[in-house]
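The values are calculated or read from the model by the stated rules, or taken from the named source; none is laboratory data. Just so you know, these numbers come straight off a predicted model, no measurement behind them. Note that each Cβ is placed from the backbone with ideal geometry, even for glycine, and that neighbours are counted across all protein chains shown. Heavy atoms of the whole protein, side chains included, go into the accessibility calculation; ligands, DNA and RNA do not. Shrake-Rupley method; radii C 1.70, N 1.55, O 1.52, S 1.80 Å.
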Amino acid sequence: MVDSVKYTLGEERIPKHWYNLMADLPSLPPPVLHPGTLKPVGPDDLAPLFPMSLIRQEVSTEREVEIPEPVREVYKQWRVTPLYRARRLERALQTPARIYYKYEGVSPAGSHKPNTAVAQAFYNKEAGVKKITTETGAGQWGSSLAFAGAVFGIDVQVFMVRVSYNQKPYRRALMETYGAKCIASPSMETNYGRSVLEKSPDSNGSLGIAISEAVEIAAGHDDTKYALGSVLNHVLLHQTVIGQEAIEQLAIANDYPDVIVGCTGGGSNFAGIVFPFLGAQLRGGRKVRIVAVEPSACPSLTRGRYAYDFGDTGHMTPLTKMHTLGSTFIPPGFHAGGLRYHGMAPLVSHIKQLGLIEARAYHQTQCFEAGVFFARHEGIVPAPEANHAVKGAIDEAVRCREEGKSRAILFNLCGHGHFDMQAYMDYFGGRLTDQEYDERELAMALSGLPAVPEPA
Ligand SMILES: *Cc1c(COP(=O)(O)O)cnc(C)c1O
């Protein structure tokens, strides 16, 4: 019996730098614009929300950004994360493919998100910040920032999308265990939340609304800053420890991926595993096929428009050019809460536009089917978001079988599903449906995109 193989590395092999894809791109993404003047934003525009060190990383084009030693110290608790060869899954699929997965579920919060939460909490602490506000969908990001806040002694206030707040009470309990304050969004705590509730008292909430609430609080208090768990360049940057480690681990396996698969909500775990490989390719290394997988009910990369849009529903953020469903689009309440965002990271959108990656959308029941199949052969229960990557990887492996090709497939198992068992119970009980988004609502949200003249 050939069993699954684990490739481990000691903590001394945790990367010393984050990798910045900007340095190797053939062209830079379009600038972030001030919503009032439509001029590129400067560091001062962002200073009320973020410490200057993170703003510098946001605009950096240097290839390597040093990881501060205190951040590496915290990473040591769970990094280097394991890379597995999924031999039992391969056998079950009767595929000649070699399937590898990088497992980020071993972090304290159970996903890749602490990679950036710890870094962001460190830089905020260094800047003398007392409190950080944020939003969370499924609760993965909120619990990751709550953990990081506990490590560095910063108060954390989390606006949690209401549908998830009700669906996932244990994530809320986890945030509170780490000492954070968790509020269902839309809430009565902010002007924006109150305005939403006035119009729709039963609002399910959305990441876009929760972001507006968190930004409003941070912008109004000097000792308070805001943290985002995905989308922004510096967040994607912090996640690149994943791909850098995977390159080293695959070298031990004497292998290199032909295909890399990741799920995309805002794009950070995808960028984390993909960018170091893509950078190597852009510097003349081997070409890799890269597949982004998103939910059919919130398909920004496959069905959205590449346009300037707000990052939030209340229109308090700057404008970024990205694949977007429109900032007022509210996706149906499906279970992969971490993938319910109307936009996509500008950097991921840019490389999609350059033709460097492919994108594909799946419905939630086929993703759960894939996740359950994976769990029965590999033992790990994936988060509902990660099931999208599992489904994408299994489809690639099946294609290898049909074409009689032995390719190496690498995917990011970005989190475990231990707090998402209600979703699995709903799946087993036949209560999960494949919800279509409302085409009319999408058309309306897209028609409301801000008018930004094309640069001459
Ligand atoms: C938050 C989250 C996602 C989606 O965010 P990305 O920035 O696209 O990675 C996906 N998977 C898990 C487990 C998450 O917690």
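Can you confirm whether the stretch 37-46 contains a residue that is on the phi < 0 side of the Ramachandran plot, over 22 Å from the mean Cα position of the chain (by Cα) and surrounded by 19 or more Cβ atoms within 10 Å (Cβ to Cβ)?
Yes, that holds for at least one residue.
Within the stretch 358-380, count every residue that is farther than 23 Å from Gln94 by Cβ and among the aliphatic types (A, V, I, L, M).
2
Conditions first: (1) farther than 27 Å from Pro108 by Cα; (2) at pLDDT 95 or above; (3) open to solvent by 50 Å² or more (accessible area, probe 1.4 Å). Glu369 passes all but one, so which condition is the exception?
Here Glu369 clears every test but (1).
Can you list residue pairs whose Cβ atoms sit under 7 Å apart, with the first residue in the stretch 327-352 being assigned to a loop (DSSP other than H, G, I, E, B) and the second being open to solvent by 10 Å² or more (accessible area, probe 1.4 Å) and acidic (Asp, Glu)? Count only pairs 6 or more apart in sequence or on different chains.
Phe329/Glu441; Ala336/Glu385
Name the single residue, out of those in the stretch 395-411 being open to solvent by less than 20 Å² (accessible area, probe 1.4 Å) and in contact with a helix residue (DSSP H, G or I) (Cβ under 7 Å, 6 or more places away or on another chain), that is farthest from the ligand (Cβ to nearest atom).
Filtering first and then ranking leaves Ala397.
Which condition number does Phe329 fail, the rest of (1) more than 25 Å from Asp395 (Cα to Cα); (2) out of contact with any Ser or Thr (no Cβ under 7 Å at 6 or more places or on another chain); (3) modelled with pLDDT of 95 or more; (4) buried (at least 23 other Cβ atoms within 10 Å of the Cβ) being met?
If we test Phe329 against (1) more than 25 Å from Asp395 (Cα to Cα); (2) out of contact with any Ser or Thr (no Cβ under 7 Å at 6 or more places or on another chain); (3) modelled with pLDDT of 95 or more; (4) buried (at least 23 other Cβ atoms within 10 Å of the Cβ), just (3) comes out false.
Within the stretch 220-241, can one find any residue that is hydroxyl-bearing (Ser, Thr, Tyr), part of a helix (DSSP H, G or I) and surrounded by fewer than 24 Cβ atoms within 10 Å (Cβ to Cβ)? If you could, list the steps in order and put the result at the bottom.
Initial filter on the stretch 220-241 (hydroxyl-bearing (Ser, Thr, Tyr)): 224, 226, 230, 240.
Cutting the leftovers down to part of a helix (DSSP H, G or I) gives us none.
Looking for residues that are hydroxyl-bearing (Ser, Thr, Tyr), part of a helix (DSSP H, G or I) and surrounded by fewer than 24 Cβ atoms within 10 Å (Cβ to Cβ), one finds none in the stretch 220-241, hence no.
Test Leu301 against the stated conditions and say whether it is at pLDDT 95 or above, over 27 Å from Gly448 (Cβ atoms) and either crowded, with 24+ Cβ neighbours inside 10 Å or among the hydrophobic types (A, V, I, L, M, F, W, C) (or both). Even if it seems obvious, please write down each step before you answer.
Numbers: at pLDDT 95 or above: yes; over 27 Å from Gly448 (Cβ atoms): no; either crowded, with 24+ Cβ neighbours inside 10 Å or among the hydrophobic types (A, V, I, L, M, F, W, C) (or both): yes.
Spelling it out, it is not the case that Leu301 is at pLDDT 95 or above, over 27 Å from Gly448 (Cβ atoms) and either crowded, with 24+ Cβ neighbours inside 10 Å or among the hydrophobic types (A, V, I, L, M, F, W, C) (or both).
Go through the stretch 86-134 residue by residue and tally those that are closer than 26 Å to Gly392 by Cβ and acidic (Asp, Glu). Quick ask: steps written out before the conclusion?
Taking the stretch 86-134 and keeping what is closer than 26 Å to Gly392 by Cβ, we get 86-107, 109-117.
Still in the list and also acidic (Asp, Glu): 90, 104.
Of the residues in the stretch 86-134, 2 are closer than 26 Å to Gly392 by Cβ and acidic (Asp, Glu).
If you go through the stretch 435-447 one residue at a time, do you hit one that is within 16 Å of the ligand (Cβ to nearest atom) and of a type in the set (Lys, Arg)?
Taking the stretch 435-447 and keeping what is within 16 Å of the ligand (Cβ to nearest atom), we get none.
There is no residue in the stretch 435-447 that is within 16 Å of the ligand (Cβ to nearest atom) and of a type in the set (Lys, Arg).
Pick from Ser327, Ser268: which is within 18 Å of the chain's Cα centre (by Cα) and more than 14 Å from the ligand (Cβ to nearest atom)? Give the steps one after another, and end with the answer.
Values: Ser268 fails: more than 14 Å from the ligand (Cβ to nearest atom).
From the options Ser327, Ser268, the qualifying one is Ser327.
Exactly one condition in (1) surrounded by fewer than 24 Cβ atoms within 10 Å (Cβ to Cβ); (2) hydrophobic (A, V, I, L, M, F, W, C); (3) part of a helix (DSSP H, G or I) is false for Ala307; which is it?
The single condition Ala307 does not satisfy is (3).
Read through the list (1) at pLDDT 95 or above; (2) crowded, with 24+ Cβ neighbours inside 10 Å, then give the number of the only condition that Gly337 fails.
Condition (1) is where Gly337 drops out.
Hey, can you tell me all the residues within the stretch 396-420 that are free of Cβ contacts under 8 Å to residues at least 24 places away in the same chain and acidic (Asp, Glu)?
We begin by selecting, within the stretch 396-420, every residue free of Cβ contacts under 8 Å to residues at least 24 places away in the same chain; these are 399, 402-403.
Of everything in the stretch 396-420, those that are free of Cβ contacts under 8 Å to residues at least 24 places away in the same chain and acidic (Asp, Glu) turn out to be Glu402, Glu403.
Inside the stretch 11-29, can you point out the residues that are of a type outside the set (S, T, N, Q), open to solvent by 30 Å² or more (accessible area, probe 1.4 Å) and not in a helix (DSSP H, G or I)?
So the first thing to find is which residues in the stretch 11-29 are of a type outside the set (S, T, N, Q), and the list is 11-19, 21-26, 28-29.
Imposing the further condition that a residue be open to solvent by 30 Å² or more (accessible area, probe 1.4 Å) reduces the set to 11-13, 16-17, 23, 26, 28.
If the condition is that a residue be of a type outside the set (S, T, N, Q), open to solvent by 30 Å² or more (accessible area, probe 1.4 Å) and not in a helix (DSSP H, G or I), then Lys16, His17, Pro26, Leu28 are the ones that fit.
Any idea how many residues of the stretch 355-384 are under 18 Å from Pro295 (Cβ atoms) and not acidic (Asp, Glu)? I'd like the intermediate steps shown before the answer.
Initial filter on the stretch 355-384 (under 18 Å from Pro295 (Cβ atoms)): 357-372, 374, 382-384.
Now narrow it down to the ones that are not acidic (Asp, Glu): 357, 359-368, 370-372, 374, 382-384.
Here the count works out to 18.
State whether one or more residues within the stretch 304-322 are out of contact with any helix residue (DSSP H, G or I) (no Cβ under 7 Å at 6 or more places or on another chain), modelled with pLDDT of 95 or more and closer than 30 Å to Ala370 by Cβ.
Yes, the stretch 304-322 has at least one match.
Quick test of your reading of the structure: Met421 fulfils all but one of (1) farther than 16 Å from Arg340 by Cβ; (2) open to solvent by less than 50 Å² (accessible area, probe 1.4 Å); (3) within 16 Å of the ligand (Cβ to nearest atom). Name the failing condition by number.
Tallying (1) farther than 16 Å from Arg340 by Cβ; (2) open to solvent by less than 50 Å² (accessible area, probe 1.4 Å); (3) within 16 Å of the ligand (Cβ to nearest atom), Met421 fails exactly one: (2).
Please work out if Val32 is open to solvent by 30 Å² or more (accessible area, probe 1.4 Å) and either more than 24 Å from the chain's Cα centre (by Cα) or over 27 Å from Ile247 (Cα atoms) (or both).
Working: open to solvent by 30 Å² or more (accessible area, probe 1.4 Å): yes; either more than 24 Å from the chain's Cα centre (by Cα) or over 27 Å from Ile247 (Cα atoms) (or both): yes.
So Val32 fits the description; yes.
Any chance you could count how many residues in the stretch 271-296 are assigned to a loop (DSSP other than H, G, I, E, B) and either within 14 Å of the ligand (Cβ to nearest atom) or at positive phi (or both)? Let's see the steps before the verdict.
So in the stretch 271-296, the residues assigned to a loop (DSSP other than H, G, I, E, B) come out as 283-288, 296.
Imposing the further condition that a residue be either within 14 Å of the ligand (Cβ to nearest atom) or at positive phi (or both) reduces the set to 284.
The qualifying residues number 1.
For the stretch 254-270, which residues satisfy the criterion of being on the phi < 0 side of the Ramachandran plot, open to solvent by 20 Å² or more (accessible area, probe 1.4 Å) and not aromatic (Phe, Trp, Tyr)? Steps first, answer last, please.
Just the residues of the stretch 254-270 that are on the phi < 0 side of the Ramachandran plot, to begin with: 255-266, 268-270.
From what's left, open to solvent by 20 Å² or more (accessible area, probe 1.4 Å): 255-256, 258.
Asp255, Asp258 - these are the residues of the stretch 254-270 that are on the phi < 0 side of the Ramachandran plot, open to solvent by 20 Å² or more (accessible area, probe 1.4 Å) and not aromatic (Phe, Trp, Tyr).
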